[in-house]
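Q: Structure in structure tokens, see below.
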Amino acid sequence: MTALLLSLERLGAGYGAGHKALQVVWDVDLGLHAGEWVALVGASGAGKSALVRTIAGLNRPFSGAVRFSGRDLASVPAHARVRLGLAAVLEGRRLFTGMSVRENLLLGAYGATSPEAAERLAQVETLFPLLAARRDQIAGTLSGGEQQMCAIGRALMAEPRLLVIDELSLGLAPAVVDKLLDALIAIREAGTALLVIDQDAGIALSGADRAYVMRTGRVVLDGIADDVLGDPHLQREYIGL
Amino acid sequence: MPNSNPEPGRLFPAVPLAAAAAALAAAGLILDVYWLRILTGAFLFATVAQSINIIVGFTGYPAFGQVVFFGLGAYAVAIATADLSTPLIAAAVLAVAVGALFALVCGPPLFRLRGHYFAIGTLGLNEATKAIAANWTRLTGGGAGISLPLPTGSVAANGRVFFYAFLVLMLAATAAVWRLGRNRFGYACRAIRADEDGAEASGINPLFYKTAAWTLSAVFAALAGGFYAAWQNYVDPSTVFDMDIAVKGFVIFLLGGPGTVFGPVIAALALELVSTAVWGNLLTFHLGAMGLLIMLTVLYLPQGFPGLARRVRPALSRAGA
């Protein structure tokens, strides 16, 4: 067994601080190895996005720890986590809507030198030829699927070791989701680990090695992706398949 | 890094700009004292508007109390020249240092706030600083203010000196804004304006760039205040920390179009000429007219003059066709 790339240790997460704090995630233990594809599924309100924001460093943990490559990230701000190799596509994609596709992508490599950024841009445009075709288009005018490609591309521009994607398929047509999943397979083959979060278990688990299922802020089931998907208890109660 | 297709001001249109700058410079030789003063005021407010443009237009943080740096710069120059007999150039350097330091110190706590809360925070900062200036009598002379040493030359000659000083300052602020539309620093600011969480998740340190942008904007506001003190030979708290200065700067910034390069300059010249022509007769309603102008601008011209031009031009060509 190799050492874990990402580990969440009894992590509590939520929004706000002090007397206005609202905890929505309790005691989550999650581990992900280098190069592994892990899915995290759960219904709306299960606490998935709070968990992602806490992993990315935008929200502070309420309890427990986030470790990346064995290092406790408690004192590492969000922007510095990107440099460590932890990149996240946040819920809602969060593109710079007034800027072009190319500008969005290049901003994803903000810490890199110009030649490095140009090289990564070429790689991302190979992965998503559509982004190359639309490079001068204003990001806010892209379709939903193109925006998701742009958001994933922007995160890849940081050359992460782990790519976390929140709400991969939200609001997207099945054909578009299939394209995105093909791209994720290529990204994983290139050695980047994936943590894919989605409400739709069928989508999140396709391609995944292992999966975690959350309900109302806690992990209620985890295991090999196929076992999780085949679990009748899960199908009936948590995913509604 | 990103350098193609910057949204504001693509190529620096060198020839028409040089011509405009030369025309303004030549105007300084021809105009009488009255018109020199009007234009000097326009340059002053264009500089304040560019200062606001850097933090509000590019970075997206509504710093309404930007006049605090104007006041600090004015007091730095007043105290340095009146009490310490420092030459004006050295006093201007002091104004820059005071403004920049103040932004660096106050930035990190204030930038914990966003949106309206940040705007109110900067208002509070200005009121607090004004109160300190009014009560720290030993340093500032309190409410009585400070009179600066009178210049030796003729009124016309001095008017000319300040005309050119403010012209150069306005051009420097505009050049800084133009650079911001094209360089890495400006991209980081615009990313923060577009989506701060998205920017941070892309590896951009928001606090660093917000504070840096505010410091840059503070330097120009402080210099404008410092030049103003030397120009008017007098400062007191209610004049140089006057919210009217910030409000007028904001009107010009909005009219000029947030995040544009030359908009604030054009708007400052237009507004100053219009207000000279019309509002000289509306002294009591001056602020009311200003407020009305802000509301009309935000409602009907959210992109300022440039937005109006973009809308009118196709309409005109349709009408012509």
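Q: Checking the conditions here, which among A:GLY111, A:GLY45, A:GLY64 is at pLDDT 95 or above and not in a helix (DSSP H, G or I)?
A: Numbers: A:GLY111 fails: at pLDDT 95 or above; A:GLY45 fails: at pLDDT 95 or above.
Testing whether each residue is at pLDDT 95 or above and not in a helix (DSSP H, G or I) leaves just A:GLY64.
Q: Considering only the range B:238-252, I want to know if a residue exists there that is basic (Lys, Arg) and either more than 23 Å from B:LEU24 (Cα to Cα) or surrounded by fewer than 23 Cβ atoms within 10 Å (Cβ to Cβ) (or both). Break it down into steps so the answer makes sense when it comes.
A: Of the range B:238-252, the ones basic (Lys, Arg) are B:248.
Narrowing further to those that are either more than 23 Å from B:LEU24 (Cα to Cα) or surrounded by fewer than 23 Cβ atoms within 10 Å (Cβ to Cβ) (or both): none.
Within the range B:238-252, not a single residue is basic (Lys, Arg) and either more than 23 Å from B:LEU24 (Cα to Cα) or surrounded by fewer than 23 Cβ atoms within 10 Å (Cβ to Cβ) (or both).
Q: Do we find that B:LEU180 is more than 30 Å from A:ARG154 (Cβ to Cβ), crowded, with 21+ Cβ neighbours inside 10 Å and out of contact with any Asp or Glu (no Cβ under 7 Å at 6 or more places or on another chain) in this structure? So that I can check it myself, show each step before the final result.
A: Values: more than 30 Å from A:ARG154 (Cβ to Cβ): no; crowded, with 21+ Cβ neighbours inside 10 Å: yes; out of contact with any Asp or Glu (no Cβ under 7 Å at 6 or more places or on another chain): yes.
No; evaluated as a whole, the condition is false for this residue.
Q: Suppose the filter is of a type in the set (Lys, Arg), farther than 24 Å from B:THR129 by Cα and within 14 Å of another protein chain (Cβ to nearest Cβ); does B:ARG184 pass it?
A: Numbers: of a type in the set (Lys, Arg): yes; farther than 24 Å from B:THR129 by Cα: yes; within 14 Å of another protein chain (Cβ to nearest Cβ): yes.
Here the answer is yes, as B:ARG184 does meet what is asked.
Q: Just the residues that are small (Gly, Ala, Ser) and within 8 Å of chain B (Cβ to nearest Cβ), please, taken from the range A:77-105.
A: Selection gives A:ALA78, A:ALA80, A:ALA87, A:ALA88, A:GLY98, A:SER100.
Q: Further question on the same structure: Can you name every one of the strands (runs of 3 or more DSSP E) wholly within the range A:122-237 that holds 1 or more residues which are within 21 Å of A:GLY108 (Cβ to Cβ)? Walk me through how you get there before you give the answer.
A: Numbers: elements: A:162-165, A:193-198, A:210-215, A:218-224.
In the range A:122-237, the matching strands (runs of 3 or more DSSP E) lie at A:162-165, A:193-198.
Q: Out of the residues in the range A:61-76 meeting the condition of being aliphatic (A, V, I, L, M) and surrounded by fewer than 22 Cβ atoms within 10 Å (Cβ to Cβ), tell me which one is farthest from the other protein chains (Cβ to nearest Cβ). Lay out the reasoning, then the answer.
A: So in the range A:61-76, the residues aliphatic (A, V, I, L, M) come out as A:65-66, A:73-74, A:76.
With the extra rule that they be surrounded by fewer than 22 Cβ atoms within 10 Å (Cβ to Cβ), the set shrinks to A:65, A:74, A:76.
Details: A:ALA65: 20, A:ALA74: 17, A:VAL76: 12 Å.
If we take residues in the range A:61-76 being aliphatic (A, V, I, L, M) and surrounded by fewer than 22 Cβ atoms within 10 Å (Cβ to Cβ), then A:ALA65 is farthest from the other protein chains (Cβ to nearest Cβ).
Q: How about the range A:106-133: which of its residues are among the hydrophobic types (A, V, I, L, M, F, W, C), within 9 Å of another protein chain (Cβ to nearest Cβ) and buried (at least 23 other Cβ atoms within 10 Å of the Cβ)?
A: First, the residues of the range A:106-133 that are among the hydrophobic types (A, V, I, L, M, F, W, C): A:106-107, A:109, A:112, A:117-118, A:121-122, A:124, A:127-128, A:130-133.
Filter again for within 9 Å of another protein chain (Cβ to nearest Cβ), leaving A:106-107, A:109, A:112, A:117.
Within the range A:106-133, A:LEU106, A:LEU107, A:ALA109 meet the criteria.
Q: Another question about this same structure. Mind telling me which of the residues A:LEU170, A:LEU162, A:LEU127, A:LEU131 ends up being over 25 Å from A:ALA201 (Cβ atoms) and in contact (Cβ under 8 Å) with a residue 40 or more places away in the chain?
A: Numbers: A:LEU170 fails: over 25 Å from A:ALA201 (Cβ atoms); A:LEU162 fails: over 25 Å from A:ALA201 (Cβ atoms); A:LEU131 fails: in contact (Cβ under 8 Å) with a residue 40 or more places away in the chain.
The conditions single out A:LEU127.
Q: Can you tell me which residue in the range B:187-215 is farthest from A:TYR110 (Cα to Cα), limited to those that are buried (at least 24 other Cβ atoms within 10 Å of the Cβ) and more than 14 Å from chain A (Cβ to nearest Cβ)?
A: B:TRP214
Q: Since B:THR129 meets every condition but one in (1) at pLDDT 95 or above; (2) under 24 Å from B:ALA268 (Cβ atoms); (3) polar (S, T, N, Q), which condition does it not meet?
A: Every listed condition holds for B:THR129 apart from (2).
Q: Given B:ARG179, B:ARG138, which one is under 18 Å from the mean Cα position of the chain (by Cα) and without any contact (Cβ under 8 Å) to a residue 24 or more places away in the chain? If you could, list the steps in order and put the result at the bottom.
A: Values: B:ARG138 fails: under 18 Å from the mean Cα position of the chain (by Cα).
B:ARG179 is the lone residue from the list that is under 18 Å from the mean Cα position of the chain (by Cα) and without any contact (Cβ under 8 Å) to a residue 24 or more places away in the chain.
Q: What number of residues within the range A:85-108 satisfy the criterion of being aliphatic (A, V, I, L, M), assigned to a helix (DSSP H, G or I) and in contact with a Leu (Cβ under 8 Å, 6 or more places away or on another chain)?
A: Taking the range A:85-108 as the starting set, the residues that turn out to be aliphatic (A, V, I, L, M) are A:86-90, A:95, A:99, A:101, A:105-107.
Those still in the list that are assigned to a helix (DSSP H, G or I) too: A:101, A:105-107.
Then keep just the ones that are in contact with a Leu (Cβ under 8 Å, 6 or more places away or on another chain); that gives A:101, A:105-106.
Result for the range A:85-108: 3.
Q: Could you go through the range A:134-141 and let me know if any residue there is buried (at least 19 other Cβ atoms within 10 Å of the Cβ) and away from chain B (no Cβ under 14 Å).
A: no
The values are calculated or read from the model by the stated rules, or taken from the named source; none is laboratory data. Fair warning: this is a prediction, and the values are worked out from it, not measured in the lab. Cβ coordinates were reconstructed from backbone atoms using ideal geometry, including for glycine residues, and neighbour counts include every protein chain displayed.
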